[in-house]
Amino acid sequence: MQINERFDYDIVIMGAGLAGLSAALTIAEQHPDLSVAVLSKVHPVRSHSGAAQGGINAAVAADDKWEDHYYDTLKGGWFLGDQDAVRILTEQAPNAIYHLDRWGAHFDRDEHGHFAQRPFGGQRRNRTCYVADKTGHALLNTLYEQAVHLNVDVFDEWFVFDLIHHGDEFLGLLAFANKTGTIGYFAAKTCLLATGGAGRIYGQSSNALINTGDGMALALRAGAALKDIEFFQIHPTGLPNGILITEGARGEGGYLINKDGERFMQKYAPQFMELAPRDLVARSIQREINEGRGFGDGCVRLDLRHLGAEKIKAKLPQIREIAMYFAGVDPIEQPIPVRPTVHYTMGGIDVDINCAAPIKGLFAAGETACVSVHGANRLGGNSLLDAMVFGIRSGETIPAYLHAADGPDRTGEEALLEAAMDRFDALFGDGGEDVPALRMEMERIMVASFGLFRNQELMEKGLAEISALHRRYADVRVKSTDLVFNPELIRALELGFMLEVAHACALAAVDRRESRGSHYRDDFPAMDNAHFLRHSLVTRDAQGALALAYRDVTITDTKPLDEIKY
Amino acid sequence: MKGRFDIFRKRAGESDPYRQEFEVELIPGMTVLEVFHAIQAEHDPSFAYRYSCRGAICGSCAVRINGTAALACKTQALPLAEQGTVRIDPLGNLPTIKDLVADFDIFWEAYDSVRPYLERAEETHDDVMFWADKLDAKQLDQLSRAVDCIKCASCFSDCPKRAEDENFIGPQASVQLFKFYIDPRDDLHSMRRDAASSPGGVVDCDSHANCVKVCPKDVRPLRAINFVKKELSATQE
């Protein structure tokens, strides 16, 4: 196939969620002389930022201090977050709220007219600003509105399939338009990857179906590192299709039941029962399922029936709706099938505090990136914040970079593009491996070996299986060469991206012989600061071989604890 | 049980659509979107439809199910299939690109036409802001509903007025106009009033109320439209 059109921009942004759009708006407002293109494989308002319900943390209250938010975030992340990065996140948090308010967000207000704030886990005070229970949706739409206002060039439903670079210098992105089938080359001086997380590598995930780690994989292939990619946050209760059932259901008195009708939390946390800490509840549920006490559908049950119809209708109307619409179960009459579900990617593209990757001109922000701020576990309300603060920040650091640097040397670009198109062409043909089968196999391996329970034996087996699967991917072929809304092609490309991330996760996870945050090993149950207070860095050579290295955590002013207790 | 799905098909670039029936094994809890996934994975890898969050918040997967617009991810398949073959079509009032993928260009044009963004003379945020001082409870309730809109185009698809008058901006864009029209922070108030009363604007709504019935987020577009209409007539008198 041929490249049909070339576009030239100062900055090309891949991804149009909170991180990508806030970067685009910042550049459009502060540097209208710079040209920006935003590419998204879906329309911007379909981005996964919109699914975040709870809110966005910021020390905006007169009696709150960013220093407290800073410490809570460090501790919540088991001190794996870089302290200079966490300082930026928390110190700049109020600024992100003010930007959003100015752009039109409808934040809830308290009785004094100030930003209303709700309590979230792991924080010592109410610090989470919100728009009812639809914060992500409201903020995403607000940003899109301002993108319309500022005439940002949005290329929606353009799928990026390759990143062109010359050695360690970024040159451009190759993408096709789903609507027309046009293949475009976006030659740009700089690129911001803002493609969100990779939760879809797991068979049980709350993530949107589009969260396939595209930006992470492209960066890895281009020579950047994935940092701390073994850390995936897991929520204890999702429906069979991954949609979350919030803690509220257990808070109101719901029981967790195995197939023998037993309230199994009695065995694991007799004092707290269903309201034990999240990670303990998640591991208990998974243990029941692993040991054969789950139901036939691979779930346990969340039973609300004893609360009675009246209380369920009054106190838990949304949970009831979610169970009815997405699992076909009315909790007044039947218990809800639930199991742990992967929720957030703490790791990501290794970037510095200016969002810059080691490849000249390449930047990343939001869940795609790992600056790092979340460490080994993310606090609720810090994900939207990460996307906003580092989205805005990249919108400032990229123009600064452009000011200081010349554009890339484009000698040899033609040959690189030809090679990329050859790679693309090689994906098409008859026969070969079946994408849905490979995807399901990857999802199974990740849940079985890199889920809530990890140990040497399980993970070594999982790593070998993922490597084998990755090799089999080379034989995937797409039959239809028509690029217009070709789901076979998109799913094949996405599987390729996911396997890169899954493979990197497996490699880093096996080697981390400790338990820290979301990485829990039954063979090494304790945190080990002496050996593992450091970031994992997975890189890939041109032949696809992965390598693992480490880098010390940046510590500026706060001594890490040796044990995390709440 | 096996469910039968009679689905609208159209190849990209070809003008003649056709219909195709698929049999899909259904398990309790399965949504219509999951039926589409099964068809794509097991029967026809080229079968095209939109999806993203599969949790009724992104607005990608609206199609017509047995003739009425709905989110595929929010519709249980089994109860429908038990009543007979389920008919699936792309959204109405929009051209179709391929299979169930509708072309949203005219939908977004209508959206853009109402200047769907807050314009403030003062380029700053509000440290202190009392919504309740500026809007009454009913207005606040409708504003909150307007914020809920996921732009899935279900209302646009099933709007009889839009079907007969392609100048009408449709329910969704009307909701957007309302959202900024009543926002006390906005400085385009008179422009928005003019836009609402110009041909094709909010005033052209014929109050069929289909938008209220099909909206998956209970935005109640007609109620927003009536707010604007009422204010326009009050200011004219």
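Before moving on, here are some points about what is shown:
- Cα gyration tensor shape of the stretch B:3-94, rounded if a/c is under 1.5, else prolate or oblate by comparing a/b with b/c: rounded
- Packing-based ranking, highest mean first, of B:149-158, B:9-18, A:156-165 given that Cβ atoms within 10 Å are counted: B:149-158, A:156-165, B:9-18
- Length added when fully stretched, A:D406-A:T481, from 0.36 nm per residue minus Cα-Cα: 23.2 nm
- Average other protein chain Cβ within 10 Å of Cβ, residues B:70-78: 2
- This model, with +1 at the C-beta of Lys and Arg and -1 at the C-beta of Asp and Glu, gives chain A a dipole about its Cα centre of some 1620 debye.
- For the peptide A:484-495, the mean number of other protein chain Cβ atoms found within 10 angstrom of a residue's Cβ is 4.
- Computed from phi, the 3J(HN,Hα) profile of the stretch A:352-363 under the Karplus parametrisation 6.51, -1.76, 1.60 (θ = phi - 60°) reads 8, 5, 9, 6, 8, 8, x, 7, 4, x, 9, 10 Hz, with x in place of Gly and Pro.
- Other protein chain Cβ atoms within 10 Å, averaged over every residue that makes up A:320-330: 4
- For B:V86, the residues whose modelled amide H falls within less than 5 Å of its own, excluding neighbours fewer than 5 places apart on the same chain, are B:R4, B:F5, B:D6.
- Peptides A:242-254, A:494-506 ranked from most to least packed, by the mean per-residue count of other Cβ atoms within 10 Å: A:494-506, A:242-254.
- Considering only A:T397, B:V212, A:T180, the residue lying farthest towards the positive end of the dipole of the protein assembly as shown is B:V212, judged by Cα position with unit charges set on Cβ.
- Lysines with Cα under 24 Å of A:K479, excluding same-chain neighbours fewer than 8 positions away: A:K41, A:K179, B:K10, B:K98
- Taking amide H as placed 1.01 Å from N in the peptide plane, B:I97 has its amide H under 5 Å from the amide H of B:A102, B:D103, each at least 5 places away in sequence or on another chain.
- Over the stretch B:171-237, the hull volume per residue, using the convex hull of the C-alpha atoms, is 82 Å³.
- Chain A: calculated mean residue ellipticity at 222 nm from DSSP helix runs of at least 4, using -39500 (n - 2.57): -11500 deg cm²/dmol
- When each of B:K2/B:K74; B:K179/B:K217; A:K227/A:K559; A:K313/B:K2; B:K74/B:K138 is checked by Cα-Cα distance, pairs over 24 Å: A:K313/B:K2; B:K74/B:K138
- Computed 3J(HN,Hα) for the stretch A:496-512, one whole-Hz value per residue from the Karplus formula 6.51 cos²θ - 1.76 cosθ + 1.60 where θ = phi - 60°, is x, 5, 5, 5, 4, 5, 4, 5, 5, 4, 4, 4, 6, 5, 4, 7, 7, glycine and proline marked x.
- Around the Cα centre of the stretch A:261-377, unit charges on the Cβ atoms of Lys, Arg, Asp and Glu (plus for the first two, minus for the last two) sum to a dipole of about 260 debye.
- Gyration tensor verdict on the stretch A:142-271 (Cα atoms; rounded if a/c is under 1.5, prolate if a/b is larger than b/c, oblate otherwise): prolate
- Amide hydrogen neighbours beyond the local backbone of A:L171, cut-off 5 Å, H modeled: A:I164, A:H165, A:H166
- Neighbour net charge for A:A420 - beta-carbon separation under 12 angstrom, K R +1, D E -1: -4
- Dipole magnitude (debye, nearest 20) for chain B, charges at Cβ of Lys, Arg, Asp, Glu: 540 debye
- Prolate/oblate/rounded label for the stretch A:378-433 (Cα gyration tensor, a/c 1.5): oblate
- Neighbour counts of C-beta atoms inside 10 Å place A:L173, B:L140 in the sequence B:L140, A:L173, starting with the fewest.
- Relative protection proxy for A:520-529, A:315-324, from highest mean packing down: A:315-324, A:520-529 (other beta-carbon atoms within 10 angstrom).
- To the nearest ten degrees, helix A:435-450 and the longest principal axis of the Cα atoms of chain A are 50 degrees apart.
- Mean-position separation - Cα centroids, the stretch B:112-186 and the stretch A:205-244, in angstrom: 34 Å
- Estimated vicinal HN-Hα couplings, Hz - the stretch A:207-222 in sequence order (Karplus 6.51, -1.76, 1.60; Gly, Pro = x): 5, 4, 5, 8, 7, 10, x, 4, x, 4, 5, 4, 5, 4, 5, 7
- Gained length - A:A437 relative to A:A269, 0.36 nm times residue gap less alpha-carbon distance: 56.6 nm
Here, each number is a calculation from the coordinates, and none is a lab measurement. These numbers were taken from a predicted model, which means no experiment stands behind them. For neighbour counting, all protein chains shown are included, and Cβ atoms are generated from backbone atoms with ideal geometry for every residue, glycine included.
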